[in-house]
Structures are given as structure tokens and as C-alpha cells.
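Okay, so here's the structure we're looking at.
The values are calculated or read from the model by the stated rules, or taken from the named source; none is laboratory data. None of these values were measured; they are calculated from a predicted model. Counting neighbours? That spans all protein chains shown, and the Cβs are built from the backbone with ideal geometry, glycine included. Only protein heavy atoms, including side chains, enter the accessible area calculation; ligands, DNA and RNA are left aside. Shrake-Rupley method; radii C 1.70, N 1.55, O 1.52, S 1.80 Å.
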2 protein chains.
Amino acid sequence: MITVLADTAQREAAAAWFAALRSQICAAFEAIEDEADCVFKDRAPGRFTFKEWQRPEGGGGIMGMMKGRVFEKVGVNISTVWGDFAEEFRSRLPGTEKSSAFWASGVSLVAHLHSPLVPAAHFNTRMISTADKIWFGGGGDLNPMYPVATDTADFHGAFKDVCDRYDPAYFPKFKKWCDEYFFIKHRGVARGEGGIFFDYHNTGDWARDVAFVREVGEAFRDIYPALIRRHLAEPWTPEQRQWQLQKRGYYAEFNLLYDRGTEFGLKTGGNVEAILMSLPPEAAWP
Amino acid sequence: MITVLADTAQREAAAAWFAALRSQICAAFEAIEDEADCVFKDRAPGRFTFKEWQRPEGGGGIMGMMKGRVFEKVGVNISTVWGDFAEEFRSRLPGTEKSSAFWASGVSLVAHLHSPLVPAAHFNTRMISTADKIWFGGGGDLNPMYPVATDTADFHGAFKDVCDRYDPAYFPKFKKWCDEYFFIKHRGVARGEGGIFFDYHNTGDWARDVAFVREVGEAFRDIYPALIRRHLAEPWTPEQRQWQLQKRGYYAEFNLLYDRGTEFGLKTGGNVEAILMSLPPEAAWP
């Protein structure tokens, strides 16, 4: 017997927002593909292709994927899934004492660019409901191969503006969480330049929480394309490309060894192709 | 207080064999690099370079690495380490009830070739001693991008010959274990064409067990170079190379998500560079 505390209106509103944000981000990325001022200007602009999948236990999702002249590989996925957590996983999540039922919806994005001078990025927001809890989670982090201080500052600043409108305590907390989360323990290095990360977010005011998550998504949708455009026309060297492939190797290590979303997906019978869409188009361990 | 059941002579003999096998295999691979009949014959033959590392808690190892004209990246590592298992890991290993002390020595090898028509391969043998147990483990498996039935049969056959000299029950058991172990669960596919895998191997006759492990190593040392030579001169297409990069992506997924040796190394404070040497020089997730 599945019981979920989140009511139908809440579930529909959250899932609809994630789908809307997906469409807005895809449009923003296709607009970048259309601009002529990129290094591979002789190639055709890329377009997203979408693929639906069904989860036998309940729900499904839509994978969006584009391989273009700016974006070497970018995946923007939405999914809404429900059912019962496997026992092993259940005990690690709140609100599952009485029932293993869950409902989860989210949007997640990983962008790998051709240019080693354009930062890669990750963004994700989700709403999860178990029998006794509802919460939001998500975040975004910037993964430049060659960090540029103003890019990092602007990326962080966009999230800080949103956070500060809700609670001045959010940004320092979520930034620190991001730095701690996206850390490659075995190498002792950060995965990238950080951003924000939050989980189990529930202030008791659902409308305010979903509005916060919405604004976090809009902030990413606006700042990341701006950062891409800054570096679109810069030519790169084979050495820079080689370093990019190596950094992508670290990125793959993080996702396969530590990422909570990868684990959540694989342990809840998610779509393997969608879960592993985050892996880089090419990587190197020289 | 460290107490280890394996006596000094046993430890020295095992570690010495692993080092000797390392040298024999490196010589065999360098001999292949010297042969003119390969696709990149205009390039210089590769040579192994060796790098020692010390483990602060006790022991260390030597990484051997070659990037040549046949071998795109091959690592042949030996290590001998000792100390105390971390609590989390200890309970999962036999003979650790009274003490967390361990001693471990082994040789491990992963070969990634330029040619998508030459199979990649993995080989490893090790001796582990805890306070109350001594055992051997290891195995070898073949990872062709385009399986060839006679290659697989000869690779399996070389191990079967050794196994059958010790116990006719070994080969079926160790082959099955290999098929089960090198299986990429989330994709529902085998990592490669298998071979043998064994662990916790202790018949009560240490001399016989180390002799078995020795012959397993010699079998690999002889059959794998023979398989490489079969395909050395075959030209390949860009499409075949692309498939190779994709299969290597699966290989990286296996090693980071499931491999026991990777986990053992990272959890016992091993050398990260040595542990992750198995990762492919280039990989793709298109």
C-alpha cells in the first residue's frame, strides 16, 4: 500500500516546474548553438533529441541529449518515479519508518563542452516524498578545466542572490555543503569550483520551498549560458584539450565512486542510460 | 601489536615470486614492442618505467608503466603492504576476529592496446594474511572489443591446463566465479570474455597453493603475448576504435563501481596512482 504525504497538487506542481525548466534550459542551449561566433563554426548547430522511458515499478522520464558544435555532450533529464525503496536503501532516508513508499521528481543536467576553456557544469533539483517526509534537494556546481575567478564569482553570486532573498544563512551553508560533497576523497582534490548543494530541505512552508527551488533553477538557467558565451570564441591548444580529458576522468571517478544521485538511480531501478548520461563523451587516464 | 600467521619465509617467497613474474611479463611485453610487424611501426618501441612508492602505515610497491606502439597503456604493479585493517573493512575479511593485522602482497596488471582488434587483459595474483588466515586470490580475464572464439578458447584453455593439474574441480568453479565477478550489473552485460577468478584459496598445503598461483601466472605470461601477436598487424577502422573507447567506458564503470581490488586499495590507504592505473588511457561515453 503506497501512501505519500505530498498531495497531488504539490506533486503535479513540482513535476511541471522541472519539465518547464528543462524546456527553458534546452532552448537557451540551442540558442548558443545557433550563434556563429564559436570555434567549430563550420559545423551545423546542434539540437536536442528526446527519448522517453518507462520504469516498470512506476513512473519514468524523458532524456534530452544534444551533441552540437559548442556542446560536445549535454544531457538534460527529467524523471518522476514512485514505488517502494529497497530495504537496504530505505533505512538511510528519512520518513521511511512506517512505509517504504516514495515519490521523486527532478531535473538534472550535465554539460560537457568541446572547448577546454568553457566550464563544464552540473545542475539538479528534485523533490522527494516518503510516507512521512517531503523535501527538496539539488544544487549546481561549475567544473572549469582552467578556473577563471570572475566566472566562479559570478556563478556563486547568482546562487547567493537567490539564497539571500530567502535566508542569509542559506548561501554559506549550501556553498560549504557543495564544497564538501563534490570532493574527490581519494585524490584529495575538489571536483570543480563549487556552487551550492542542499538536501532534505523543508522549512515547513512548501510553497516557499518550491519557490526557492524555482528561483535556484532560474539563476542557473541565466548565469551558465552567460559564462559559456564569455569563452565561446577562444581557440584552444591540444595540451589544453588533453588536460580537459584528464579532468573529465576525475569527474567520471567522482560520479561512479561517490555521487548520491548515481547511487539513488541505480538502487531504485532508474534508467541506466539516463543515470550515466553525466559521464563525459571522452575522458583520459594518461 | 601485529601478529601474522604467515611466516617470514612464506611472505618472502610469495613477494619474491610476484616480483619475478612482474619482470618476466614486462620483458615479454617489451619484446612485443620490439617486433616490427605492428600497425604503428614508424613509432619507437615502448619501454617500461618504474616508480617506487612507500605506504606510511607499512610497506609499499613499485608501479611499472609502459606507453608504447602496441600497448597504449599497460601497468604492471607489485606491492607488499601490512598494518591494521580499518574497522569498517575488517569485519568483511576472514581471520580478523582477534586482531585487525594484515599482510598483503601481489602483482596486478591491466593492458590497454592501441588496436581495437587486440584484446585488453587483466591479471592479478595476491597472497593475504590476517592474524588467523592465509589465502591466495587472483585471476585473469580477457577483454576483447571484438571477441574471437579461438582466442577465448586458448585463453581459457591455458588456465584450465594449470587448474586441472591441481584439481579438476578448480577450473569450472573459478571460471564461473570469474563470469559472476566481472559482470556489469547495471548494464546486464559481462565485462569481457572471462577467464578465471579465485579468492580465499587455502587448501591447507601452502607449498602446493603457492605453486598453483605460480603456474597460473606463468600460464598468463605465455598465452596473452601469443594472443596479442595474432592480431598485431591487423589494421582497424575509426568505427572500431570508437567501439573500443566505448567498451573501455564500461570497463572504467566496472572498476570504479564494483572492483574489489579498487575498493581494497582505496580502503587500506594504498597508492591511488597505482590503484587507478587500471583505468583506460582514453574512454568514451558517446
Report summary line: All-but-one check, A:MET145 against (1) of a type in the set (A, V, I, L, M, F, W, C); (2) surrounded by fewer than 24 Cβ atoms within 10 Å (Cβ to Cβ); (3) part of a strand (DSSP E or B), failing number (3)
Report summary line: Subset of the stretch A:21-47, residues without any contact (Cβ under 8 Å) to a residue 40 or more places away in the chain and either among the charged types (D, E, K, R) or in contact with a strand residue (DSSP E or B) (Cβ under 8 Å, 6 or more places away or on another chain) (or both), comes to A:GLU30, A:GLU33, A:ASP34, A:LYS41, A:ASP42, A:ARG43, A:GLY46, A:ARG47
Query - Hey, A:VAL210 surrounded by 22 or more Cβ atoms within 10 Å (Cβ to Cβ), in a helix (DSSP H, G or I) and touching a residue at least 12 places away in the same chain (Cβ under 8 Å) or not - result: no
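Could you say which residue among B:GLU273, B:GLU218 is in a helix (DSSP H, G or I), out of contact with any helix residue (DSSP H, G or I) (no Cβ under 7 Å at 6 or more places or on another chain) and either within 12 Å of chain A (Cβ to nearest Cβ) or closer than 16 Å to B:SER115 by Cβ (or both)?
Among B:GLU273, B:GLU218, only B:GLU273 is in a helix (DSSP H, G or I), out of contact with any helix residue (DSSP H, G or I) (no Cβ under 7 Å at 6 or more places or on another chain) and either within 12 Å of chain A (Cβ to nearest Cβ) or closer than 16 Å to B:SER115 by Cβ (or both).
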Report task. Enumerate the pairs (first residue in the stretch A:111-138 and on the phi > 0 side of the Ramachandran plot; second residue anywhere and buried (at least 24 other Cβ atoms within 10 Å of the Cβ)) with beta-carbon separation below 6 Å, excluding pairs fewer than 6 apart on the same chain, so at least 6 apart or on different chains. Result -> A:GLY138/A:THR125
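Would you mind stating whether B:THR125 is modelled with pLDDT of 95 or more, of a type outside the set (Phe, Trp, Tyr), under 28 Å from B:ASP37 (Cα atoms) and touching a strand residue (DSSP E or B) at 6+ places or on another chain (Cβ under 7 Å)?
On the way: modelled with pLDDT of 95 or more: yes; of a type outside the set (Phe, Trp, Tyr): yes; under 28 Å from B:ASP37 (Cα atoms): no; touching a strand residue (DSSP E or B) at 6+ places or on another chain (Cβ under 7 Å): yes.
Considered against the rule, which asks whether it is modelled with pLDDT of 95 or more, of a type outside the set (Phe, Trp, Tyr), under 28 Å from B:ASP37 (Cα atoms) and touching a strand residue (DSSP E or B) at 6+ places or on another chain (Cβ under 7 Å), B:THR125 comes out as no.
Evaluate the stretch B:234-247: report whether one residue or more is in contact with a His (Cβ under 6 Å, 6 or more places away or on another chain) and either in a helix (DSSP H, G or I) or surrounded by 16 or more Cβ atoms within 10 Å (Cβ to Cβ) (or both). Let's see the steps before the verdict.
Here is the first cut: in the stretch B:234-247, the residues in contact with a His (Cβ under 6 Å, 6 or more places away or on another chain) are none.
No, every residue in the stretch B:234-247 fails to be in contact with a His (Cβ under 6 Å, 6 or more places away or on another chain) and either in a helix (DSSP H, G or I) or surrounded by 16 or more Cβ atoms within 10 Å (Cβ to Cβ) (or both).
Among the listed residues A:PHE89, A:PHE18, identify the single one that is touching a residue at least 60 places away in the same chain (Cβ under 8 Å), within 24 Å of A:GLY140 (Cβ to Cβ) and not in a strand (DSSP E or B). Working first, answer last.
Values: A:PHE89 fails: within 24 Å of A:GLY140 (Cβ to Cβ).
On inspection, the qualifying residue turns out to be A:PHE18.
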Requested in this report: Go through the residues of the stretch B:106-114 one by one and say whether even a single one is more than 29 Å from A:LEU256 (Cβ to Cβ), open to solvent by less than 60 Å² (accessible area, probe 1.4 Å) and more than 14 Å from the chain's Cα centre (by Cα).
Outcome: no
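Please work out if B:LYS41 is basic (Lys, Arg), surrounded by 13 or more Cβ atoms within 10 Å (Cβ to Cβ) and assigned to a loop (DSSP other than H, G, I, E, B).
Values: basic (Lys, Arg): yes; surrounded by 13 or more Cβ atoms within 10 Å (Cβ to Cβ): yes; assigned to a loop (DSSP other than H, G, I, E, B): yes.
Yes.
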Report task. Go through the residues of the stretch B:252-264 one by one and say whether even a single one is touching a residue at least 40 places away in the same chain (Cβ under 8 Å), surrounded by fewer than 20 Cβ atoms within 10 Å (Cβ to Cβ) and facing chain A (nearest Cβ under 10 Å). Result -> yes
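When only residues in the stretch B:44-76 that are in a strand (DSSP E or B) and open to solvent by 100 Å² or more (accessible area, probe 1.4 Å) count, which is farthest from B:PRO116 (Cα to Cα)? Steps first, please.
Step one: of the stretch B:44-76, the residues in a strand (DSSP E or B) are B:49-54, B:59-66, B:71-76.
Remaining after also requiring open to solvent by 100 Å² or more (accessible area, probe 1.4 Å): B:50-52, B:54.
Details: B:PHE50: 26, B:LYS51: 28, B:GLU52: 31, B:GLN54: 35 Å.
Only one residue fits best here, namely B:GLN54.
Can you say whether B:SER79 is open to solvent by 10 Å² or more (accessible area, probe 1.4 Å), out of contact with any Cys (no Cβ under 9 Å at 6 or more places or on another chain), of a type outside the set (D, E, K, R) and not in a loop (DSSP other than H, G, I, E, B), as far as the supplied structure shows? Don't jump to the end; show me each part of the working.
On the way: open to solvent by 10 Å² or more (accessible area, probe 1.4 Å): yes; out of contact with any Cys (no Cβ under 9 Å at 6 or more places or on another chain): yes; of a type outside the set (D, E, K, R): yes; not in a loop (DSSP other than H, G, I, E, B): yes.
Answer is yes for this residue.
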